[in-house]
Amino acid sequence: MNEKLLKLQAHLDGELSTAESKQVAGWLASDQQARAIYEELRATKSLLTGNEVELKLPETHDFYWSKIAREINRLNRAPQTSPPRFSGSWWMRLAAPFAIAALAAVLFISVVKLQSGSRGMTRYFQEIETPLEESNAISFHSDAANMRVVWIPSQEN
Amino acid sequence: MTTRIDYSGMTDEALVKAAQRGGMEAFEQLVARHRDKIYARAFSMMRNEDAAIDMSQEAWVKSWQRLKQFQGEASFVTWMTRIVINLCLDQLRKQKRSRADSIEQLDEELGGVERQMPVVNPNPTERLERSELRQRIDRALNQLSVEHRTVLILQEFEELEYKEIAKKMKCSIGTVMSRLFYARRKMASLLAGLRREEFNK
């Protein structure tokens, strides 16, 4: 669109710098077409100012308010389900995934070392196994306690 | 014995403070005081009674939720009006996604339409009562596209600066300026047409 026309309008709306306003004033003094358009814009603006139609809410206050109050009460009763927000600074947010990955790696290495390194530690591992799946039997075995328990549920049906 | 507080005599500021402390009755008084203005702004943008009622009620609920954030930089009613405008703009954007652009918009984007319009004198005030003039301005606004009407409402009635309008409408300042220019020229032509009708009676 013609930049000159938009500047005329911006002048009317008080959006121009002093230098630009002087430039527009020069156009208005010398250009009849610019003056005519400016006058039309100005007349339209002044016609609209303070002449917005006045409307009344087409409902009674009680009816209108009841829906608002109902919604507010519902919100007040609803539990706060939003997840806790992470409030760290940007570098903490950036570093968080790396920290989690590093922690996971440390845990993984520790577990592998624990399993393969010291044979004596394996006695603390206990197992739950189901050797006879069709019979729903469950067995529990502990090296530390030197025991094995087998539980067979009764077949009532 | 409990004492009933008379909220009707309280200022908006006092009512807001009471509502911020959880006073629903104070908030209801604010709704009663400003419901017409908030509804009218919603209607001016949505052009539909049911949609305007829904938007205005949603705005009141939202304001209740955000009431603690209200610090009193602007008046309460200005703050409320901004909330309802934002909700209406969101709703209009959703509606726009599901409809094709009008020919009028395409014309505007191609450029030149507003320059082809003859310059008119949009001054029908001589023979009209103020209430009738307002009705006619409203009818003329109704003939504009959503984008042109919205930019005019935000500039002329809400007195927002170009950059604020651009931010709200999620477009460039240049787009705001061209839409505003087109909208004013179209309004001038519609209101001049009304004057011609008036003389032909």
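Derivation of every value follows stated rules applied to the coordinates shown; laboratory data play no part. Here the structure is a predicted model, which means the values were calculated and not measured. Don't worry about glycine lacking a Cβ; one is built from the backbone with ideal geometry, like all the others, and counts go over all protein chains shown.
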Quick calc, B:V119 & B:E49: beta-carbon distance into FRET formula, R0 41 Å, rounding 0.05, result 0.70
Label-point separation, A:S46 to B:K170 (7 Å along Cα→Cβ), nm = 3.9 nm
What pairs from B:K62/B:K170; B:K94/B:K167; A:K45/B:K186; A:K7/B:K96 go past 19 Å between their alpha carbons?
-> B:K62/B:K170; A:K7/B:K96
Within 10 Å, count the other beta carbons around each residue, average over each peptide in B:148-159, B:16-27, and list them highest first.
-> B:148-159, B:16-27
The extension gain from A:F98 to A:R35, computed as 0.36 nm times the residue separation minus the Cα-Cα distance, is 16.1 nm
Across the range A:49-57, in residue order, what do the Karplus-derived ³J(HN,Hα) couplings come to in whole Hz, using 6.51 cos²θ - 1.76 cosθ + 1.60 with θ = phi - 60° and x for Gly and Pro?
-> 4, x, 10, 6, 4, 9, 10, 10, 4
Residues of B:52-59, mean number of Cβ from any other protein chain within 10 Å of their own Cβ, rounded to a whole number?
-> 3
Between B:D12 and B:R139, what length in nm is gained on full extension when 0.36 nm per residue of separation is reduced by their alpha carbon distance?
-> 42.4 nm
Exposure proxy ranking, count of Cβ atoms within 10 Å, fewest first, for B:L190, A:L12 = A:L12, B:L190
